[in-house]
1. If you go through the range 128-140 one residue at a time, do you hit one that is within 20 Å of residue 177 (Cβ to Cβ) and touching a strand residue (DSSP E or B) at 6+ places or on another chain (Cβ under 6 Å)?
2. Conditions: (1) in a loop (DSSP other than H, G, I, E, B); (2) under 17 Å from the mean Cα position of the chain (by Cα); (3) without any contact (Cβ under 8 Å) to a residue 60 or more places away in the chain. Residue 34 meets all but one. Number of the miss?
3. Suppose we filter 45, 55, 61 for residues that are in a helix (DSSP H, G or I) and exposed (fewer than 15 other Cβ atoms within 10 Å of the Cβ); which single one remains?
4. Would you confirm whether or not the range 64-73 contains a residue that is modelled with pLDDT under 95 and either at positive phi or out of contact with any strand residue (DSSP E or B) (no Cβ under 6 Å at 6 or more places or on another chain) (or both)?
5. Quick one: would you say residue 159 is modelled with pLDDT of 95 or more, closer than 28 Å to residue 52 by Cα and surrounded by fewer than 15 Cβ atoms within 10 Å (Cβ to Cβ)?
6. Of everything in the range 118-150 that's surrounded by fewer than 18 Cβ atoms within 10 Å (Cβ to Cβ) and touching a residue at least 60 places away in the same chain (Cβ under 8 Å), which residue is farthest from residue 53 (Cα to Cα)?
7. So for the range 85-93 (the condition being under 14 Å from the mean Cα position of the chain (by Cα) and under 19 Å from residue 75 (Cα atoms)), does at least one residue qualify?
8. Looking for something closer than 25 Å to residue 109 by Cβ and surrounded by 10 or more Cβ atoms within 10 Å (Cβ to Cβ) - is there at least one such residue anywhere in the range 2-13?
């Protein structure tokens with residue numbers, strides 16, 4: 001410490017500009033109820049590189065956070081059973097958020113904290129990640145306010161909340177109350193492969209089926225492109 005002459009008391013870094021400090025707290029929402037249950041479908045064994053990123057993920061101080069691991073289930077069924085368990089639990093059903101995490105997605109340390117910032121404007125906010133492979137597509141599906149509904153991947157915009165029609169499930173924060181809305185039919189998550197005469201074929205993964213129904217009910221979704229989420233391929237040891 002360098003030599004100093006102390007005359008006045010230092011009010012503290014955060015007290016010197018209280019308006020700036022309040023803006024930071026409002027943005028981070030840390031004074032609100034951020035109680036969150038993470039639902040994690042898993043095949044049973046997880047890569048060290050993924051687990052290491054999860055161990056570094058920060059959660060808000062003095063807020064409730066738990067993880068539900070759903071082992072050996074089809075992924076859509078894992079989410080459905082996880083949500084049913086939460087809604088049937090007298091304590092968990094009162095919590096505010098559900099976080100979807102999948103066992104091949106690595107997340108940044110501040111990823112969850114940034115999701116809480118965006119969730120005040122949207123009903124689901126997810127991190128930015130890509131399908132695996134050299135031709136990977138960004139999982140930001142469908143431009144908003146465009147008809148007919150399309151889940152064509154959007155071109156990611158840098159470091160923003162980018163509104164969309166659907167997201168992949170690797171790292172999403174959902175408002176739990178969505179799953180209490182009877183306008184979104186059960187099962188919430190369902191893989192669809194069907195042919196409808198006169199309309200053609202439909203093929204949806206379990207995530208986009210949910211977003212289609214929730215969008216019809218007026219809910220809004222966005223990708224926070226500041227949150228860079230890796231998609232790990234254990235066979236090639238490449239994170240896409």
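The values are calculated or read from the model by the stated rules, or taken from the named source; none is laboratory data. On a predicted model such as this, the values are computed, not experimentally measured, just so you know. Neighbour counts run over all protein chains shown; Cβ positions are idealised from the backbone, glycine included.
1. no
2. Only one criterion is unmet by residue 34, namely (3).
3. After applying the criteria, what remains is 55.
4. Within the range 64-73, one or more residues are modelled with pLDDT under 95 and either at positive phi or out of contact with any strand residue (DSSP E or B) (no Cβ under 6 Å at 6 or more places or on another chain) (or both).
5. When the stated conditions are applied, residue 159 passes them.
6. Taking the candidates together, the pick is 149.
7. Looking through the range 85-93, none of the residues is under 14 Å from the mean Cα position of the chain (by Cα) and under 19 Å from residue 75 (Cα atoms).
8. no
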